[in-house]
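Enquirer: Handing you this structure, nothing more for now.
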Amino acid sequence: MDEQRAAVRAMQDYISEHIHEDITIEDLAAVSSFSPWYARRLFIKYLDMTPAVYIRRLKLSKSALTLRDEKVSVLDVALDMGFGSVDGYQRAFRREFGCNPKEYSSSPVPVWLFTPDLIINERKDCKMSDIRNVFIQVIEKPARKVIIKRGIEAKEYWSYCKEVGCDVWGLLTSIRSISGEPVCLWLPEALRKPVANEYVQGVEVEADYSGTVPEGFEVIDLPASKYLLFRGEPFAEEDYVSAINEIWDAEKKYDPAFIGYEWDDSNPRIQLEPRGERGYIELVPVKEK
């Protein structure tokens, strides 16, 4: 089973690294060390879609972010992503996102980007080294709005996904954020609705944001505030649970009074997407004593 999961993850990594190229099933078979027929079968088994569909959707989502953030022509994006023609790219883009790429480029709206789940290899022993560093720094966030999607009783990621769905992240990623990426928030009681719903996902935007708010989402206002940023060392993706617990333990042990602060219960705690290459990151609100 671990061998199969490793093969699928190898194919995912290859696709990500060569997304601007023409990727064939033979290429994927080579990195998976299985035959083309069996590699395709494994891909469908673990990801519920064919490699061709996965590649097309990922190419379209990458192209949407390029159109949103860069001054490029639809033709250049279509060719860069390996589509045979602009017409074919436009049709695929409309089928995927419900809008024309040229219109989207001039006036980006929230769209449901494809954010695939990466296969993580299972390990019986996920204990990391006992000697690891946690970096802490004070940062300031400006007054801002956050476009959020609420659940009902979610208190962390897994209960949130069960209530709301894990694909919300793709839509949030399509909205240009002042912090560069979506965030997860543990809301203080005053911002919860219903009060049992503590954990939400959202995207931070300018305080004067007047753009589109997707159906079923809402906007909350957050004041300028200070945070302690806790960041762990890079970690292997199969060790993500240990990496998160490492930061939670550090937060419990740290006394902000040492640098003249105290915890601020009126602002949300913030979680960034766990990415092994940069270490796990959380932001905990503080205020001067």
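The values are calculated or read from the model by the stated rules, or taken from the named source; none is laboratory data. Fair warning: this is a prediction, and the values are worked out from it, not measured in the lab. In this analysis, Cβ positions are derived from the backbone assuming ideal geometry, glycine residues included, and neighbour counts consider all displayed protein chains.
Residue-by-condition table, conditions (1) out of contact with any helix residue (DSSP H, G or I) (no Cβ under 8 Å at 6 or more places or on another chain); (2) closer than 20 Å to residue 171 by Cα; (3) of a type in the set (Ser, Thr, Tyr):
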residue	(1), (2), (3)
33	no, no, yes
40	no, no, no
47	no, yes, no
57	no, yes, no
62	yes, yes, no
70	yes, yes, no
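Enquirer: Residues of segment 232-273 being modelled with pLDDT of 95 or more, part of a loop (DSSP other than H, G, I, E, B) and among the aliphatic types (A, V, I, L, M), which ones?
Expert: 272
Enquirer: I'd like the full set of residues that are more than 23 Å from residue 277 (Cβ to Cβ) and either among the charged types (D, E, K, R) or in contact with a Ser or Thr (Cβ under 6 Å, 6 or more places away or on another chain) (or both), limited to segment 1-28.
Expert: Passing the criteria: 3, 22, 26, 27.
Enquirer: Return a yes/no flag: does segment 145-153 have any residue that is among the aliphatic types (A, V, I, L, M), farther than 11 Å from residue 202 by Cβ and in a helix (DSSP H, G or I).
Expert: We begin by selecting, within segment 145-153, every residue among the aliphatic types (A, V, I, L, M); these are 146-148, 152.
Then drop every residue that is not farther than 11 Å from residue 202 by Cβ, which leaves 152.
In the following step, the residues that additionally are in a helix (DSSP H, G or I) were identified as none.
No, segment 145-153 contains no residue that is among the aliphatic types (A, V, I, L, M), farther than 11 Å from residue 202 by Cβ and in a helix (DSSP H, G or I).
Enquirer: Looking for whichever is assigned to a loop (DSSP other than H, G, I, E, B), acidic (Asp, Glu) and exposed (fewer than 15 other Cβ atoms within 10 Å of the Cβ) here; the options are 117, 87. Which one fits?
Expert: 117
Enquirer: Of the residues that make up segment 193-202, is at least one in contact with a helix residue (DSSP H, G or I) (Cβ under 9 Å, 6 or more places away or on another chain) and hydroxyl-bearing (Ser, Thr, Tyr)? Even if it seems obvious, please write down each step before you answer.
Expert: The first filter runs over segment 193-202 and keeps only residues in contact with a helix residue (DSSP H, G or I) (Cβ under 9 Å, 6 or more places away or on another chain), leaving 195, 197-202.
Filter again for hydroxyl-bearing (Ser, Thr, Tyr), leaving 199.
Within segment 193-202, one or more residues are in contact with a helix residue (DSSP H, G or I) (Cβ under 9 Å, 6 or more places away or on another chain) and hydroxyl-bearing (Ser, Thr, Tyr).
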